[in-house]
Amino acid sequence: MKKVLGMLAALLVAGASIPYFKYQRQVQPPGSGGQHYFVVDETMWQHARPDLSDLRLYSAEKEVPYSLQIESGSSETEQKEFRVLQPATVAGKTQFLLDVSGVAEYDRVELELATKNYVAHARVQGQDDPHGGSWAALGTTTLYDLSDEKLGHNSTLQIPLSTYKYLRVTIDGSVKPYDVHSGTAGITRASKAVWRTISGSPHQAQLAKDTVVTFSVPENVPIERIIFEIDPAQGNFQREIGFQGDQDQYLGSGEISRVHIQRSGQKIDVEKTALEVGAAGQRTLKAIIHNGDDQPLKITGANLQQYERRIYFDSLPGEEYTLYYSDKKLGGPVHDYAKLFQKDAGASQAALGDEEMNAAYTGRPDDRPWSERHPAVLWAAIVTAVLILGAIALKSMRNPN
């Protein structure tokens, strides 16, 4: 029974209460009621728990349920293999059919080609009857492999969302019929991530053949992406980048590139200057660009980014809302609102006021054991007991009888 009562007391102590929060901010939704959200910023990260579990929203003395959403986007890809039929040379070009009848709908076709170091132009047509006389034009794609120049490759045909059972592909250039081995067709359904840029300017330094870009990360702020700005005058490049944390520990790697090239009348325009990286709890983040024997890249800027963290809630017209946080012993809230949350596409952003000290702040009651709260008294008692026992032992030794 005592154990149960103790557990209940602990739960009561750990519950949310306005006097236990050290900081507060006013939340100002637009005048209309309905679903709104506000965005977590560096100020909040600095004083809240790293997992944001101690955030609480109140209207007067009433706690308002909310849902924390990380705007990381989503992607769902369905892919199936298809058969390559009738590869042949037609009018000096490679032509073949793709049997995609097993794929309900698709917007991309990934080819497996044996050819290396080439640039080719691919034309795609669609039809339900492989012997039909009228084929629908689905667009063109530049395929390439620039392995020798270390500038990457592309063997994916990008087409409009289609349901044709057969595709006819015509490729010019150096891709031969026997180079077409196999492939997959599918569709990717995605919602875009919402990125938030973290303030701050990085430091650049040259270390032998490497360029080291060092960022100072605000306290507790998680980082999910680095985006580089490269001088437009910079030529084509493809560079590997490694990431290190506070103690130079490995955090990941990636590759940035720029390919603007024209070969055999075909134009290639590819640029990738953003890389995702996981850096939670780091105060320093280093991006080490390996230049090899090439000249260092002309980096004109670099920024850290994170997915937006949004706090969604329902508001009522005329009500005022206050966000409280910084209660290190408080766990996350449990509300049906979060469990059953449905995002409203029309939800608008609420404004956040400046951070203020909570005037009602008292802090939590000290729930440590008595011995931890009064160590001096405990040690005094121990020393006294030792002295008394020592005196008794000494007296016994002098008077054995």
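Could you tell me which of V84, P29, F96 has its Cα farthest along the dipole of the stretch 23-104 towards the positive end, charges placed at Cβ (Lys, Arg +1; Asp, Glu -1), taken about the Cα centre?
In the stretch 23-104, that residue is F96.
Could you give the length gained on full extension between Y337 and S199, defined as 0.36 nm per residue of separation minus the Cα-Cα distance, in nm? Present the calculation step by step, with values, prior to reporting the outcome.
Numbers: separation 138, 0.36 × 138 = 49.68 nm, distance 3.25 nm.
Gain in length upon complete extension: 46.4 nm.
Calculate how steeply helix 375-398 sits against the longest principal axis of the alpha-carbon atoms of the chain, using the helix alpha-carbon long axis, and give the answer as 0 to 90 degrees to the nearest 10.
For helix 375-398, the angle is close to 50 degrees.
With only Lys, Arg, Asp and Glu charged, each at its Cβ (+1 for the first two, -1 for the last two), find how big the charge dipole of the stretch 206-319 is about the Cα centre; round to the nearest 20 debye.
Numbers: 12 positive and 17 negative charges, 72 e Å.
With only Lys, Arg, Asp and Glu charged at Cβ, the dipole is about 340 debye.
Highest GNM mean-square fluctuation, the chain, Cα pairs closer than 10 Å: which of Q282, Q244, Q206?
Most flexible of the set in this elastic network: Q206.
Any idea what angle helix 2-14 forms with the longest principal axis of the chain, computed on alpha-carbon atoms, 0 to 90 degrees, nearest 10?
60 degrees
Considering the zone a paramagnetic label at T188 would reach in this model (a point 7 Å from Cα along the Cα-to-Cβ line), which residues of the stretch 132-146 have amide N under 17 Å from it?
Only 141-144 fall inside the zone, counting backbone N under 17 Å.
Within the stretch 76-191, what is the number of lysine pairs with alpha carbons under 17 Å apart, leaving out pairs fewer than eight places apart on the same chain?
Numbers: K80/K165; K93/K176; K116/K150; K116/K176.
Counting lysine pairs in the stretch 76-191 gives 4.
Please state the relative contact order of the stretch 195-307 as a whole percent: Cα pairs under 8 Å, 6+ residues apart? Before the final figure, lay out the partial values.
Numbers: 260 pairs, mean separation 48.8, N = 113.
About 43 percent, as a whole number.
Report the gain in length on full extension from K80 to L389: 0.36 nm times residue separation, minus Cα-Cα distance, nm rounded to one decimal. Show your work: numbers first, answer last.
Numbers: separation 309, 0.36 × 309 = 111.24 nm, distance 8.32 nm.
Here the segment from K80 to L389 would lengthen by 102.9 nm.
Gain in length, D269 to S348, computed as 0.36 nm per residue apart minus the alpha-carbon separation, to one decimal in nm? Don't skip to the answer; put the middle values down first.
Details: separation 79, 0.36 × 79 = 28.44 nm, distance 3.67 nm.
In short, 24.8 nm is gained.
Mind checking which lysines have their C-alpha under 19 Å from K328, skipping anything on the same chain fewer than 8 residues away?
K22
Place +1 on the Cβ of every Lys and Arg and -1 on the Cβ of every Asp and Glu in the chain, take the dipole about the Cα centre, and give the residue among V169, T362, S396 whose Cα lies farthest towards its positive end.
Farthest towards the positive end: S396.
In the chain, if the dipole is taken from +1 on Lys/Arg beta carbons and -1 on Asp/Glu beta carbons about the Cα centre, which of V383, I288, S155 is farthest to the positive end?
Going by the charge dipole, the pick is V383.
For n ≥ 4 DSSP H runs only, could you compute -39500 (n - 2.57) per run for the chain, divide by its residues and tell me the 222 nm figure to the nearest 500?
Theoretical 222 nm ellipticity from helices: -4000 deg cm²/dmol.
Along the Cα→Cβ direction, 7 angstrom out, place labels at H47 and K150. What is the inter-label distance in nm?
In this crude spin-label approximation the distance works out to 5.0 nm.
If you work out mean projected area of the Cα convex hull in nm² from the coordinates, which of (1) 24.1; (2) 36.5; (3) 19.2 do you get?
(2)
With charges set only on the Cβ (+1 for Lys and Arg, -1 for Asp and Glu), what does the dipole of the stretch 112-163 come to about its Cα centre, in debye to the nearest 20? Display every interim value, and only then the final one.
Values: 3 positive and 6 negative charges, 25 e Å.
Taking the Cα centre of the stretch 112-163 as origin, the dipole is about 120 debye.
With +1 on each Lys and Arg Cβ and -1 on each Asp and Glu Cβ, and nothing else charged, work out how big the dipole of the chain is about its Cα centre, in Debye to the nearest 20. Show your work: numbers first, answer last.
Details: 41 positive and 49 negative charges, 238 e Å.
Here the chain has a charge dipole of around 1140 debye.
Pop the C-beta distance of W135 and E63 into the FRET formula with R0 = 60 Å and round what comes out to the nearest 0.05.
Working: r = 63 Å, r/R0 = 1.05.
According to the calculation, E is roughly 0.45.
Using a Förster distance of 60 Å, how high is the FRET efficiency between Q262 and R364, based on the Cβ-Cβ distance and rounded to 0.05?
Details: r = 68 Å, r/R0 = 1.13.
Here the calculated transfer efficiency is 0.35.
Read the figures in this text as sums done on the coordinates, not as results from a lab. These numbers come from a predicted model, not from an experiment. Cβ atoms come from the backbone with ideal geometry, glycine included; neighbour counts cover every protein chain shown.
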